[in-house]
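A.B. asks: So that we are looking at the same thing, I have put the structure below in structure tokens.
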Amino acid sequence: MLLAADVGNTLITLGVHDGTDWRGRWRVRTVPDKTADEYGILIEGMLARAGLGGVEQVAVASAVPALAGVFRELGEAGWSCPVLVVGPGVKTGLAVRTDHPSEVGPDLVANAVAAYARFGAPAIAVDFGTATSFVAVTPPGTLSGVVIAPGLDTGATGLAERAAQLPRVPLAVPRTVLGKNTVHAMQAGTVLGHASLVEGLLARLKEEIGPAPVVATGPWAGLLAPLFRTVDAVDPLLTLDGIRIIAERNP
């Protein structure tokens, strides 16, 4: 079985694929100081609870460089299996046409690969995580560029931390845009405001690349997707699918 790991700044999304389908998916907190042994115990426990067997291959896309090495050690030393780290030199099936291709995050590359496999080109993938990131794929199969904005929770946390009289509020969709109290006012500004930011950026992207299907993923996609008029699909497995496809292209 393949263990795919999408290592973000806040969360690590893990998935196990048996060659036909995803058998399990988990999210754990990103802790850069954890050792390979600690992550190994955690993952083995989750696999055991799900009744799944041993890991035969690891593929990782890591936004935290130190943890790419930890997962490599976990696979090679802990489970004696091959490990693929998504990065420069790895076959993806896409041409990366940016000023500095090595700077494009491996999770964004995986999103682009999965969006292209699903829709062809052009296509846009939006990932709602610590940052809200957009990646565009254009014909004939080119990762043409990236947009990065502060994430929904990142913006809300920053507002509460820097404004003395504003509390930390639950991230939920308010009933109206005009808030009648502080909590609802902040929810309107953060949640509805973030949705408007996304819609505005998608409109600008489509002005540049032409009409394109949009797929959303990431922890906040489920909350935000109903607010969008221009998101065609929500796929919580998008990044993991991209990692899986890349692993298949690098046997």
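A.B. asks: So what's Rg/Rh here for the range 1-43, counting alpha carbon atoms and using the Kirkwood radius for Rh? Provide the component values of the computation, followed by the final result.
C.D. replies: Numbers: Rg = 11.0 Å, Rh = 11.0 Å.
In the range 1-43, Rg relative to Rh is 1.00.
A.B. asks: Between residue 148 and residue 160, what is the label-point separation in nm under the 7 Å Cα-to-beta-carbon projection?
C.D. replies: Each label point is offset 7 Å from its Cα along the Cβ direction, giving 2.5 nm.
A.B. asks: Continuing with the same structure: Given contacts defined as C-alpha pairs under 8 Å and at least six residues apart, what's the relative contact order of the range 4-87, whole-number percent?
C.D. replies: Reported as a whole number, the value is 30 percent.
A.B. asks: For the chain, calculate the relative contact order in percent as a whole number, restricting contacts to Cα pairs under 8 Å that are 6 or more residues apart. It would help to have the intermediate numbers written out before the result.
C.D. replies: Values: 454 pairs, mean separation 47.4, N = 251.
The normalised contact order for the chain reaches 19 percent.
A.B. asks: If R₀ is 30 angstrom, what is the calculated FRET efficiency for the pair residue 76 and residue 223, using the beta carbon separation as r and rounding to 0.05?
C.D. replies: 0.20
A.B. asks: HN-Hα J couplings of the range 18-25 from phi, Karplus 6.51/-1.76/1.60, θ = phi - 60°, integer Hz, Gly and Pro as x?
C.D. replies: 9, x, 10, 8, 6, 9, x, 9
A.B. asks: Considering the options 246, 227, 92, tell which one lies farthest towards the positive end of the dipole of the chain, charges being +1 on Lys and Arg and -1 on Asp and Glu at the Cβ, about the Cα centre.
C.D. replies: 227
A.B. asks: Please compute the alpha carbon radius of gyration of the range 118-224, then divide it by the globular-protein estimate 2.2 N^0.38 Å. Two decimals is fine.
C.D. replies: Values: Rg = 15.7 Å, N = 107, 2.2 N^0.38 = 13.0 Å.
Relative to the 2.2 N^0.38 Å estimate, the range 118-224 comes out at 1.20.
A.B. asks: Heavy-atom accessible area of residue 116 with all protein chains present, probe 1.4 Å, nearest 10 Å²?
C.D. replies: My reading of the accessible area for residue 116 is about 70 Å².
A.B. asks: While we're looking at this one, here's another question. Between residue 201 and residue 56, 0.36 nm times their residue separation minus their Cα-Cα distance comes to what?
C.D. replies: Here the answer is 48.2 nm.
A.B. asks: What percent does the relative contact order of the range 97-203 come to when contacts are Cα pairs within less than 8 Å and at least six residues apart?
C.D. replies: Values: 135 pairs, mean separation 17.4, N = 107.
Here the relative contact order equals 16 percent.
A.B. asks: Per-residue counts of other Cβ atoms within 10 Å, averaged by peptide: what ranking do you get for 211-222, 19-30, highest first? Walk me through the numbers before you get to the answer.
C.D. replies: Numbers: 211-222: 20.2, 19-30: 13.2.
Ranking the peptides 211-222, 19-30 by packing returns 211-222, 19-30.
A.B. asks: What are the radius of gyration and Dmax of the chain, computed over its Cα atoms and given in Å?
C.D. replies: Over the chain's Cα set, Rg and Dmax evaluate to 18.8, 59 Å.
The values are calculated or read from the model by the stated rules, or taken from the named source; none is laboratory data. Bear in mind the structure is a predicted one, so any value in this text is a computation, not a measurement. Glycine also receives a Cβ, built like all others from the backbone with ideal geometry; neighbour counts cover every protein chain displayed. Remember, those area values only see protein heavy atoms, side chains included, never the ligands or the DNA or RNA. Shrake-Rupley method; radii C 1.70, N 1.55, O 1.52, S 1.80 Å.
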